[in-house]
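For reference, the structure discussed in these notes is given below.
We did not get these values from a lab; they are worked out from the coordinates using the rules stated. What you see is a predicted model; the values in this text were computed from it and never measured. Cβ atoms come from the backbone with ideal geometry, glycine included; neighbour counts cover every protein chain shown.
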Amino acid sequence: MIKVEGLTKRYARTVAVDNISFEVEKGQIVGFLGPNGAGKTTTMRVLTCFLPPTSGTATVAGFDVLENPMEVKKRIGYLPETPPLYPEMEVIEYLKFVGKLKGIASRDVPGRVDEVMKRCAVDDVRDKLIGKLSKGYRQRVGLAQAILHNPDVLILDEPTSGLDPKQIIETRELINSLAGDHTIILSTHILSEVEHSCERVIIISHGKLVAIDSVANLTNRLRGSEAVALELDAAGGRPNPTEVQQRLETVAGVSRVMMKDSKNGKLIFEIESLQGKQIRADLARTVVNSGWNLNELRSVGLSLEDIFLQLTAAEQKDTEPETQGVQA
Ligand SMILES: Nc1ncnc2c1ncn2[C@@H]1O[C@H](COP(=O)(O)OP(=O)(O)OP(=O)(O)O)[C@@H](O)[C@H]1O
Ligand SMILES: [Mg+2]
């Protein structure tokens, strides 16, 4: 549905987007991640025909953003970083106005506006001036204008920025409810949002693509080693942390033992294995054979935060990132 090939965008001397390529299939939700200034907004502006690419191509449903911008715009709903709202208009008046701009037939406009106002939960402020709305409500009106013409593709630039936790959940649910028949790219700095909503993640850093994959695959590819959380105590006595740590370090396959906490005689460690080694069974045996109580032993997943930091750090050292791959 979306195809980007060798896309580069320069602003004077700044290379904001540097030769990136990716594809998004119909009906997918893709999370667009990257640190501030990575080039997310710039890529989205090219996809939505607001900026011409310096080189490379971008197509939406087979239409090129440079050659067929009208066809592209018909199929895209765009929520920019700052929604294009008119503060002196009432919500309902503004949405009707946008409906006409987007070419919805006049007789269909009121019904469609009603529908999106309900869907985006702005019904209760329909007669308020946009300039008097809270940021969260303005963001929802922005989303309402993006989906008004029922576009196949939604490009959402930080859709939950500035929303309170309840509104974040509501917006996330709204976005999830739009998935399936819509193809969605959303940028965000909230990584848990990507884990909740997105099937795939595109990570860019300094304008370059550093990874494009599912959250699960990213975790597996990067990890290769196991991380384990372990809690023990010494059955009545207080175990000596240094002694415990040293003994855990001798377990086969263990690369690192970090003490996380000690309270009321309980010790909590995080332990990492060498590449490809399973260490849980041997750890359990060592704890029990040492006469300690094993309170908890579980695998710790690599969080998306960890992945993000590893990838964006790796990219800085490496000037030739793979386009479809990941360097651990
Ligand atoms: N209009 C512009 N003129 C010149 N440089 C620009 C312009 N817009 C963006 N840039 C530069 O392009 C780079 C990418 O910016 P962009 O806004 O695409 O990043 P972003 O990933 O959306 O960041 P953020 O997470 O902060 O929104 C930055 O170095 C930025 O300074
Ligand atoms: Mg941005």
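Quick look at the values:
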read-out	value
Full-stretch length increase - T242, R107 - with 0.36 nm per residue and alpha-carbon distance subtracted	40.9 nm
Sites D123 and I169 - FRET efficiency at Förster radius 25 Å, r taken between beta-carbons, to 0.05	0.85
Extension gain, V300 back to E81 (0.36 nm per residue minus Cα-Cα distance, nm)	75.4 nm
Filter on K128/K166; K96/K132; K9/K128 - keep pairs with C-alpha separation over 29 Å	K9/K128
Overall form of the range 224-299 per C-alpha gyration tensor (a/c, 1.5; a/b vs b/c)	prolate
Cβ-derived FRET efficiency at R0 22 Å, A284 paired with A234, nearest 0.05	0.90
The chain shape via C-alpha gyration tensor axes, a/c threshold 1.5	prolate
Separation of alpha-carbon centers, the range 43-120 and the range 1-29, rounded to whole Å	19 Å
Out-of-range pairs (alpha-carbon distance over 28 Å; input K3/K208; K102/K208; K3/K135; K3/K118)	K102/K208; K3/K135; K3/K118
Mean Cβ count within 10 Å, highest first, over the residues of peptides 93-102, 162-171	93-102, 162-171
R0 of 30 Å, Cβ-Cβ distance K132-N36: FRET efficiency to nearest 0.05	0.50
